[in-house]
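Every read-out reported here was derived from the displayed coordinates using simple, explicitly stated rules and does not represent laboratory data. Since this is a predicted model, take the numbers as computed values, not measurements. Cβ placement follows ideal geometry from the backbone for every residue including glycine, while neighbour counts extend to all protein chains displayed.
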Amino acid sequence: MTLVINEDKCARCGVCEPECPNEAIMQTEDAYIIDPSLCTECVERYGQPLCEAVCPNNGIDRVKKSLYKKLFG
Ligand code: SF4
Ligand code: SF4
């Protein structure tokens, strides 16, 4: 799985960004994004994606890696 911030649900509150232990979440000019090369899904420390747990808007989607590649290259 790969974690993706859903632009339609994300309120750009910024809560998830400082919580990420791998600094994989970053703010661009108009959105928050997750760098898949830095995201480890938090499995090594928390056993679940921390960003998903703290997001108040259910704004994090789990996407299959194969589908992610198709969508985002
Ligand atoms: S916590 Fe959720 S709503 Fe807030 S910036 Fe992150 S993904 Fe968006
Ligand atoms: S799952 Fe964990 S490592 Fe990946 S973006 Fe979310 S908080 Fe960061």
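Applying a 4.7 Å Cβ-Cβ cutoff to the chain leaves Cys10, Cys13, Cys20, Cys39, Cys42, Cys55 as cysteine residues with no disulfide-compatible partner.
The alpha carbon convex hull volume per residue for the chain rounds to 88 Å³. With the simple spin-label model, which puts each label point 7 Å out from Cα in the Cβ direction, the Asp8 to Tyr46 separation comes to 2.5 nm.
Quick check: residue separation of Ser66 and Ala31 times 0.36 nm, minus the Cα distance between them. What number comes out in nm?
So the extension gain works out to 10.3 nm.
Near Met1: Cβ cut-off under 13 Å, other residues only, Lys/Arg at +1 and Asp/Glu at -1. The net charge is +1.
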